[in-house]
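The values are calculated or read from the model by the stated rules, or taken from the named source; none is laboratory data. On a predicted model such as this, the values are computed, not experimentally measured, just so you know. Here Cβ is always computed from backbone atoms with ideal geometry, including for glycine, and neighbour counts include all displayed protein chains. Side chains included, ligands, DNA and RNA excluded: accessible areas come from the protein's heavy atoms. Shrake-Rupley method; radii C 1.70, N 1.55, O 1.52, S 1.80 Å.
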Amino acid sequence: MNETMLAAETLVTDGSGESTPYGEANLTGVAVENPSLVEGLLALAMNASGAERCRLQQQAEELLQDVACPSFFDMVSCWPRTPPGTLAVLPCFAELKGVQYDSSQNATRFCNVDGTWDNYTEYDRCLHIEQPSPMPSFEPEIELPTLIYYVGYSISLAALVLAVAVLVYFKDLRCLRNTIHVNLFLTYIMSSSLWILILSLQITVKLEVAGCIFLVTLFHYFSTTNFFWMLVEGLYLYMLVVQTFSGDTLRFRKYAIIGWGGPLIFVGAWAIAKPFFGSTSNLEHPNKLEIECSWMRESHIDWIIQGPSCAVLVINLIFLLRIMWVLITKLRSANTVETRQYRKASKALLVLIPLLGITYLIFIYGPVEGVGSHIFAITRAILLSTQGFVVSLLYCFLNSEVRQTLRHHFYRWRDERNILSGKVNNHHRSLTTTTSAPLI
């Protein structure tokens, strides 16, 4: 744009009859008297920005004695030295603040007879060029994982809601162990629902800053509670197997303080520190998942909540190793009913911990370029978004106790319906016999 601004069309005629730019014609005479000074200023002007170039030209023109409008920068274009009573003409800028303009047209500014510039520059002919709307492109590294997350979270949400309804509705399933499972399911439900809600609002409407901060804070809270209730699951089984205490030794209130109260401390500290630290993401090319809200962008402050989550995964891994060691020792000595119960619980934890723990640890870092980054993003989306579905499958729908309870209630409902249907049929038959009896 600087070259365009300096391409002035204001010309004067020199003594030889050839047309030369007015500024060049005047500076030639000065160059004869002070060649080193003018050459130095012009050399600096060639490598300077538009505003700086005009300033350097003005310094060079101070040596001239004739009346003329000096070089002037109007915050858009650099107008060259122009003789009085002349209309200066410059081609329109091709681009300004990211907007394309028609550079085939000209902008004008009038130089008054007293050698002062007019107050107004005529940019009316510099019209904005309408750019054709780009065709939407499908970007696998962004669009496909987002779609997978949306579908996976939706499936998990439906399965988790049904699992919670089953565990809460049937009184036969109410115990401390299942109560812990229900709370774990609730954290999955809330985090999945908030993710879907934030994405839907991003696509449909522009979310206000206050609403964005509220939803993002809630999302981080329930995501962190998810990890802490995983810790409660590991702690409960550890107390049951390794410490050889009843799992009911720790009452539910203590588990609830760990699962719901612990994340409040870390998320509260994160919410206090977040406004004072900027994001580290590239603002020129933001991720499509980001709402225009600084709280959605990643920063090193996020380790206030990510650090405890990683610590939970490590603790659960330690719990798992200790539990497996105790079980192997007991299985070598005897195969009692109690040991079989421990083995069942450990199998469930053995499936849960790699899925929720090691999966997260694997996907903390990954490739950022090439085909590997696409495969990494898609695999991560599939495994993380379907965790809730898998957990509900392991701890509810495939659980033998739950299946036996559902089967028992189904048979009971079927028998009651058959009995009721039999009574209705008997009553109907008696009415028919009474009606058809002959009158004496």
Residue in the range 158-176 that is buried (at least 19 other Cβ atoms within 10 Å of the Cβ), farther than 23 Å from residue 267 by Cβ, in contact with a Gly (Cβ under 8 Å, 6 or more places away or on another chain) and of a type in the set (A, V, I, L, M, F, W, C) present = yes
Unique match (being assigned to a helix (DSSP H, G or I) and either open to solvent by 70 Å² or more (accessible area, probe 1.4 Å) or free of Cβ contacts under 8 Å to residues at least 60 places away in the same chain (or both)) among 216, 182 = 182
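Working only within the range 291-300, note down all residues that are within 23 Å of residue 227 (Cβ to Cβ) and either modelled with pLDDT under 55 or not hydroxyl-bearing (Ser, Thr, Tyr) (or both).
Within the range 291-300, 295, 296, 297, 298, 300 meet the criteria.
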Could you tell me whether the range 243-261 includes any residue that is part of a helix (DSSP H, G or I), out of contact with any helix residue (DSSP H, G or I) (no Cβ under 8 Å at 6 or more places or on another chain) and open to solvent by less than 50 Å² (accessible area, probe 1.4 Å)?
-> yes
Among the residues of the range 75-82, is there at least one that is at pLDDT below 80 and either open to solvent by 30 Å² or more (accessible area, probe 1.4 Å) or of a type in the set (Phe, Trp, Tyr) (or both)?
-> yes
Counting only residues that are aromatic (Phe, Trp, Tyr) and modelled with pLDDT of 80 or more, which one in the range 235-275 is farthest from residue 180 (Cα to Cα)?
-> 270
Does the range 195-210 include one or more residues that are of a type in the set (S, T, N, Q) and buried (at least 20 other Cβ atoms within 10 Å of the Cβ)?
-> no
Options 380, 407, 412, 403: the member that is without any contact (Cβ under 8 Å) to a residue 40 or more places away in the chain and surrounded by 12 or more Cβ atoms within 10 Å (Cβ to Cβ) | 403
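With modelled with pLDDT of 70 or more, closer than 27 Å to residue 180 by Cα and either assigned by the TED database to the domain that holds residue 181 or not basic (Lys, Arg) (or both) as the only criterion, which of 359, 339, 329 stands out?
The unique qualifying residue is 359.
A quick yes/no check of all residues on (1) in contact with a Ser or Thr (Cβ under 7 Å, 6 or more places away or on another chain); (2) farther than 28 Å from residue 315 by Cα; (3) not hydroxyl-bearing (Ser, Thr, Tyr):
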{"site": "198", "(1), (2), (3)": "no, yes, yes"}
{"site": "204", "(1), (2), (3)": "no, yes, no"}
{"site": "222", "(1), (2), (3)": "yes, no, yes"}
{"site": "229", "(1), (2), (3)": "yes, no, yes"}
{"site": "242", "(1), (2), (3)": "no, no, yes"}
